[in-house]
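> Quick one: the structure is below, and I'll ask about it shortly.
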Amino acid sequence: MTSSTSRSLPERIEGADERGLAAAGLACLDRCLPLLAPDRAEALRPVWAAVARGDGAIWAEAVAKARVELDGAGGEAAEDGGTVTMVRAMLDGVPAEWAERPLREWAGRCSSVALAVHRLFDVTEDGPLHAGELRRQQAVLDAVAHGPTGLRRARELSVEGGRVLRAVVARRARTA
């Protein structure tokens, strides 16, 4: 059996169940949300609760509410390398259906977008911000593989990652 530490990120996404896929995609979106809506950090909390329940009807309702709450967010923001558009696409791509195929596709896209966003703000192409995002994505998938109890850790990693990205963006704005 292959240990989780030796599996690549795409392999971990491929091996995740619906809850793991939803948490993985949502965690990526949550960490990048400060670029789209810095004043709405809690907008995705109901979606996290829906992941914990693993209920398709609750998921669809929470996703719809989050979209309404975040509607128009980032519209006036000056885009830095297209990051606002990239994060908006992650939000717009959240599947309303709680099913393996659409969640897997969305989680994979979110993973790629989050890594690309972090790379854009990094000092070097594969610098510490990008490497930290890669580690967080792997840690989220590892945490949720342990069942619903791992969601708290996944959420903590997302909050931490969001703070890191917000700090990097703020520092860049001050030095620009």
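> Yes or no: Gly108 crowded, with 16+ Cβ neighbours inside 10 Å and modelled with pLDDT under 95?
no
> Mind telling me which of the residues Pro95, Pro38, Pro34 ends up being assigned to a loop (DSSP other than H, G, I, E, B), within 20 Å of Arg166 (Cα to Cα) and in contact with a helix residue (DSSP H, G or I) (Cβ under 7 Å, 6 or more places away or on another chain)?
Exactly one residue qualifies, and that residue is Pro38.
> Return the only residue of Gly93, Gly132, Gly147 being surrounded by fewer than 19 Cβ atoms within 10 Å (Cβ to Cβ), of a type outside the set (Lys, Arg) and within 16 Å of Arg12 (Cα to Cα).
Just a single option satisfies the conditions, and that option is Gly147.
> Note down all Cβ pairs under 8 Å where the first residue falls in the range 85-99 and is acidic (Asp, Glu), the second is at pLDDT below 95 and assigned to a helix (DSSP H, G or I), and they're at least six residues apart or on different chains.
Cβ pairs passing all conditions: Asp92/Arg67; Glu97/Gly56.
> Kindly indicate which of Arg166, Arg136 is under 12 Å from the mean Cα position of the chain (by Cα), basic (Lys, Arg) and in a helix (DSSP H, G or I).
Arg136
> With Val168, Val159 as the choices, which residue is in contact with a Leu (Cβ under 7 Å, 6 or more places away or on another chain), touching a residue at least 40 places away in the same chain (Cβ under 8 Å) and open to solvent by 10 Å² or more (accessible area, probe 1.4 Å)?
It is Val168.
> Which of the following residues is open to solvent by less than 10 Å² (accessible area, probe 1.4 Å), in contact with a Lys or Arg (Cβ under 6 Å, 6 or more places away or on another chain) and aliphatic (A, V, I, L, M): Leu26, Leu21, Leu33, Leu44?
Leu21
> Something else: So which residues in the range 111-127 are free of Cβ contacts under 8 Å to residues at least 12 places away in the same chain and either in a helix (DSSP H, G or I) or surrounded by 18 or more Cβ atoms within 10 Å (Cβ to Cβ) (or both)?
Ser112, Arg119
> Is one or more of the residues making up the range 50-66 outside any helix (DSSP H, G or I) and open to solvent by less than 70 Å² (accessible area, probe 1.4 Å)?
Yes, the range 50-66 contains a residue that is outside any helix (DSSP H, G or I) and open to solvent by less than 70 Å² (accessible area, probe 1.4 Å).
> Look at Ala145 and say whether it is modelled with pLDDT under 95 and in contact with a Gly (Cβ under 8 Å, 6 or more places away or on another chain).
Criteria met by Ala145.
> Then there is this: What pairs come up if the first residue lies in the range 1-13 and is more than 17 Å from Ala114 (Cβ to Cβ) and open to solvent by less than 80 Å² (accessible area, probe 1.4 Å), the second is assigned to a helix (DSSP H, G or I) and modelled with pLDDT of 50 or more, and their beta carbons are under 6 Å apart, counting only those six or more places apart or on different chains?
These pairs meet every condition: Ser4/Asp142.
The values are calculated or read from the model by the stated rules, or taken from the named source; none is laboratory data. Everything numeric in this text was worked out from a predicted model, so none of it was measured. FYI the Cβ positions are ideal-geometry reconstructions off the backbone, even for glycines, and counts take in every protein chain you see. Ligands, DNA and RNA are excluded from the accessible area calculation, which covers all protein heavy atoms including side chains. Shrake-Rupley method; radii C 1.70, N 1.55, O 1.52, S 1.80 Å.
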